[in-house]
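The values are calculated or read from the model by the stated rules, or taken from the named source; none is laboratory data. No experiment lies behind these values; they were computed from the predicted model shown. All Cβ positions, even for glycine, are placed from backbone atoms using ideal geometry, and neighbour counts span all protein chains on display. The accessibility values were calculated without ligands, DNA or RNA, using every heavy atom of the protein model including side chains. Shrake-Rupley method; radii C 1.70, N 1.55, O 1.52, S 1.80 Å.
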Amino acid sequence: VTVVTSVGDFRELARRRVPRAIFDYADRGSYEEITIRRNRADLDALTLRQRVMVDASKQTLATTLAGQPSALPLMIAPTGLTGLFRGNGEIYGARAAAAAGIPFCLGTLSILSIEQVRESTEVPFWFQLYLMRDRGFNANLIARAKEAKCPVLVLTLDLQVMGVRRRDAKNGLSVPPRLTLRNALDIATKPGWALGVLTAKSRAFGNLKPLAGSADLKSLSAWVANQFDPSITWKDVAWVRERWPGKLVLKGVLDADDARLAVDQGADAVVVSNHGGRQLDGACSSIAALPEVVRAVQGRCEVLLDGGVMSGQDVLKALALGARGCLIGKAYLYALAAQGQAGVAKAIEIIGNELKVSLALTGAIDVQNVSPDILR
Ligand SMILES: Cc1cc2nc3c(=O)[nH]c(=O)nc-3n(C[C@H](O)[C@H](O)[C@H](O)COP(=O)(O)O)c2cc1C
């Protein structure tokens, strides 16, 4: 790939630059990978209506997401282990997003800690929370997000148990990466990656030192199974709502009934999401669930979407079906792994330009006002 023109190009570059176990951790889904494929297939299956002779000289691409200004109806999704895709990757992602004027969401399972990212970036970022068994520790994370001036807390609802990603089990994915012979051979051919990751500010879960200690975590899924609380319910969402005065986004809603329950909890936004096809395999695609969620919330909270979004055309389709904006997970990680901060900046620029052109060619003008009529 000499000239990068799409997110697909970044995927190819990432595949060559990072060890197989890391690439697969992002690229693959749970079990038979039915849902991860559906996310893409259902977006592809939507047909845009080409309309001509509509003045496209005055487009509006800017919007707000959970009340925060954004230059595009797009933001960076929270992803775990990001600093293993590129050393200090969370800082690069946050900086690229800030420069592009879009929100960045840091994950609980980031490699760098909230504080490490905060001290290296100018613009406050959003923080994603996973509830752990230790309630005191959750309260501690919430306090640290407040201290870091995060304007928005994203509570992820769809991982109280972990979907099995068979590839990760076969690759022996662990944090920090274990040096098996196979890994060592792989890493030896990826010196650029290794140098960056080995010299980074952190190589384990930065936010979880008090929980994880320095102990070697065997497999990621075994560790998650130990720390994550499978007993969480909507009452725990209320617990978080009481402690978080800022905007609260509930992520992982894929059903109209759950969308109504999320509104009842005082969500400022929901993210229609199946965790990028990494959790319940056999679930519907995010884009297929979007219309029923939009109907269910009746404008009482914002509706965002993620799952399979790789282009501006994908974003436009989601807007047409009622989403206020989209999050990118894999698209972001491919670009970060491939080219660091410049790569993420470029990926945002590519998706933004695709959106701009496609808006014009469908005769739509304002991203806050895209009609379902632009779909056939
Ligand atoms: C490698 C990877 C790690 C992820 N880690 C988290 C996480 O820690 N917390 C979370 O809420 N979502 C996590 N997600 C899900 C994303 O936030 C998002 O829902 C998903 O990636 C969207 O689908 P896409 O990858 O097709 O864009 C992760 C996704 C990927 C690909």
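Between residue 247 and 153, the built amide H atoms are under 5 Å apart, and every one of these is 5 or more places off in sequence or on another chain.
If we count every other residue with Cβ under 14 angstrom of residue 375's Cβ, Lys/Arg +1 and Asp/Glu -1, where does the sum land? The partial results should precede the final answer.
On the way: positive: 49, 51, 317, 376; negative: 42, 44, 314, 373.
It works out to a net charge of 0.
Considering helices alone, the calculated mean residue ellipticity of the chain at 222 nm is -13000 deg cm²/dmol, with DSSP H runs of length four and up weighted by -39500 (n - 2.57) and normalised per residue.
When the accessible area of the chain is computed with all protein chains present and a 1.4 Å probe, what percentage of it is carbon and sulfur?
On the way: 8200 of 15540 Å².
Ligands and nucleic acids excluded, carbon and sulfur give 53 percent.
For segment 305-310, backbone phi angles converted through the Karplus equation (6.51, -1.76, 1.60; θ = phi - 60°) give residue-by-residue couplings of 9, 9, x, x, 6, 10 Hz, Gly and Pro being listed as x. Taking amide H positions as modeled 1.01 Å from N, with prolines and chain starts lacking one, no residue 5 or more places away or on another chain lies under 5 Å from residue 120.
The trypsin sites (Lys or Arg not before Pro) of segment 105-177 that DSSP puts in a loop, and whose beta carbon has at most 15 other beta carbons within 10 Å, are 133, 149.
For the chain, state the average projected area of the convex hull of the C-alpha atoms over all orientations, rounded to one decimal in nm².
Numbers: hull surface 69.5 nm².
Projected over every direction and averaged, the Cα hull of the chain covers 17.4 nm².
Comparing 190, 346, 247 in a Gaussian network model of the chain, where Cα atoms under 10 Å apart are tied by springs, the biggest mean-square fluctuation is seen for 190.
Residues in the chain average 41 Å² of solvent-accessible surface per residue, probe 1.4 Å, ligands and nucleic acids excluded. Taking a quarter of the surface of the Cα convex hull of segment 13-145 gives a mean projected area of 12.0 nm². Comparing 325, 307, 363 in a Gaussian network model of the chain (Cα springs below 10 Å), the most mobile by mean-square fluctuation is 363.
Taking a 1.4 Å probe, which of 334, 31 shows the most accessible area, and what order do the others take after it? Working shown, then result.
On the way: 334 10, 31 95 Å².
If we order 334, 31 from most to least accessible, we get 31, 334.
Please state the shape class of segment 126-269: rounded when a/c is under 1.5, otherwise prolate if a/b exceeds b/c and oblate if not, all from the C-alpha gyration tensor. Here segment 126-269 falls in the prolate category.
If we count every other residue with Cβ under 11 angstrom of residue 170's Cβ, Lys/Arg +1 and Asp/Glu -1, where does the sum land? With Lys, Arg at +1 and Asp, Glu at -1, the neighbours total +4. Model label sites at residue 15 and residue 198, defined 7 Å from Cα along the beta-carbon direction, differ in position by 2.7 nm. In this structure residue 115 has an accessible area near 80 Å², from a 1.4 Å probe over the protein heavy atoms. Each residue of segment 74-86 was assigned a 3J(HN,Hα) from its phi angle through the Karplus curve 6.51 cos²θ - 1.76 cosθ + 1.60 (θ = phi - 60°); the sequence is 8, 8, 8, 6, x, 9, x, 6, 4, x, 8, 6, 7 Hz, with glycine and proline shown as x.
Between 86, 203, 300, find the one with the highest GNM mean-square fluctuation for the chain; connect C-alpha pairs within less than 10 Å. Comparing 86, 203, 300 in a Gaussian network model of the chain, the most mobile one is 300.
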